[in-house]
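A short worksheet on the structure shown next.
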Amino acid sequence: MTASTRARNPRGQGDRLRSELMDAARELLLELGDQDKLSVRAVTARAGVSPNALYMHFATKDELLSAVMIVSYQELRGFLRAAIPDDSDPVQQLRAYGRAYLQFAQQRPGIYRVLFMTKIREGVPVPARGAPTGQDEGVDAFNDFLDIVTRCLPNGPDPFTQAAYIWAALHGYVALRQAISAFPWPAEADYIERMIQVHIASPRR
């Protein structure tokens, strides 16, 4: 039986094919580094099915990409939120967040690279001042972080800007350490503490 005459999946196997298509898309995103370069034909070839099989689960390529990003952000958010103690002060929560962020990048580098080292297509929501929670997983993930930073800075300066500084610093540490692992990078705990000192304890106004 050829891929073009693929039989209907038995109960439960349709979900497996959906997962296989998403896994194939994630693998290709890692290789291509650009969502615009991903094609339906490449995804289905990687999954071993015909292009028509993809449309049984996703109306468009963008819907497939959105599903991949949503699941990846859900995994990131769950990991980070589980690491933050509810009963601690905001600075301790920020410290825990920073440690968990670096751990996630180390333990799940493929998902991290898909989220933050892949050029996203136009029209995808991105964090912005006043962006509501509950409309996009990526924005929600940043808003979780922004909420902690805001509580660390009750009297200013602008929490959004400080959150952007810290996020960029954490990502820079991850990206450079992955690219140049032999460099004598500072210990994670020391790096996080320095970011807190610079952007929280003595922030620029």
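The values are calculated or read from the model by the stated rules, or taken from the named source; none is laboratory data. Quantities reported herein were computed from a predicted structural model and do not represent experimental measurements. Cβ: placed from backbone, ideal geometry, glycine included. Neighbour counts: every protein chain shown. Each accessible area value is taken on the protein alone, full model and side chains, heavy atoms only, with ligands, DNA and RNA left out. Shrake-Rupley method; radii C 1.70, N 1.55, O 1.52, S 1.80 Å.
Structure data summary
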| read-out | value |
| --- | --- |
| Sequence ranges 24-34, 73-83, 115-125, ranked by mean other-Cβ count within 10 angstrom, highest first | 24-34, 73-83, 115-125 |
| The chain, accessible area per residue, ligands and nucleic acids excluded (1.4 Å, Å²) | 55 Å² |
| Where labels lie 7 Å past Cα in the beta-carbon direction, separation of A128 and F79 in nm | 2.8 nm |
| Carbon + sulfur, % of accessible area of the chain - ligands and nucleic acids excluded, 1.4 Å | 51 percent |
| Two-decimal ratio, the range 1-150, of alpha-carbon radius of gyration to 2.2 N^0.38 Å | 1.21 |
| Chain lengthening between D144 and D190 when straightened (0.36 nm per residue, less Cα-Cα) | 14.3 nm |
| Nearest-0.05 FRET efficiency for A59 and V198, computed from C-beta distance (R0 45 Å) | 0.45 |
| By average C-beta atoms within 10 angstrom, highest first, the peptides 144-152, 103-111 | 144-152, 103-111 |
| Efficiency of FRET from Cβ geometry, Q107 and D87, R₀ 25 Å, rounded to 0.05 | 0.50 |
| D15 accessible area, 1.4 Å probe, all protein chains in place, Å² to nearest 10 | 110 Å² |
| Anisotropy class of the range 93-205 from Cα gyration tensor, a/c 1.5 cut | oblate |
| Residues of the range 44-68 with amide N under 11 Å of the 7 Å Cα→Cβ point at L32 | 44, 61-62, 65 |
